[in-house]
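The next block holds one structure in the form of structure tokens; read it before the comments.
The values are calculated or read from the model by the stated rules, or taken from the named source; none is laboratory data. Just so we're clear, the structure is a prediction, and the values are computed from it rather than from any experiment. Positions of Cβ are backbone-derived with ideal geometry, glycine not excepted, and every protein chain shown enters the neighbour counts. Surface accessibility is based on the protein's heavy atoms, side chains included, excluding ligands, DNA and RNA. Shrake-Rupley method; radii C 1.70, N 1.55, O 1.52, S 1.80 Å.
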Amino acid sequence: RYNPYSTADGQGSKTMAFILPNEVSESAPSPSKGDEISIQRLPAQTVAVLEFPGFATEKEIKAQKEKLLSSLQTDGRFTPIDDTDSFRVLQWNPPYTLPWLRRNEICIKVKEVESAAGSNVVLDAVE
């Protein structure tokens, strides 16, 4: 069983994260002093995820971002929390895995859209 590693482009920098399951995250090794490595515990989050095979090239990531945003818009129940450039790419396989067997995911944090039907807001029709 493999755990994913995550890559993201930020404001002029790239980050890589290795996701550890809860049972080993408490006993994870400490980074050496001077390393640009940190261990962070992230809060629970709701994310929209789209799985795709093959290599996660820049071109493929861009195409998958567009598909994910389009799916969110079509579904209408969730909207991205951050700006649409804050995607993460999760890659599950070692580098020697054949392309058609590779598992990748693209994800973004989302929040549920409040529906007008469930609120006390009254919408008036304008002629």
Of all residues making up segment 23-39, the number that are more than 19 Å from R88 (Cβ to Cβ) and among the polar types (S, T, N, Q): 3
Per-region count, segment 86-98, residues surrounded by 12 or more Cβ atoms within 10 Å (Cβ to Cβ) and either within 17 Å of T15 (Cα to Cα) or without any contact (Cβ under 8 Å) to a residue 24 or more places away in the chain (or both): 8
When residues of segment 38-81 are limited to those that are part of a loop (DSSP other than H, G, I, E, B) and open to solvent by less than 60 Å² (accessible area, probe 1.4 Å), the one farthest from T7 (Cα to Cα): G76
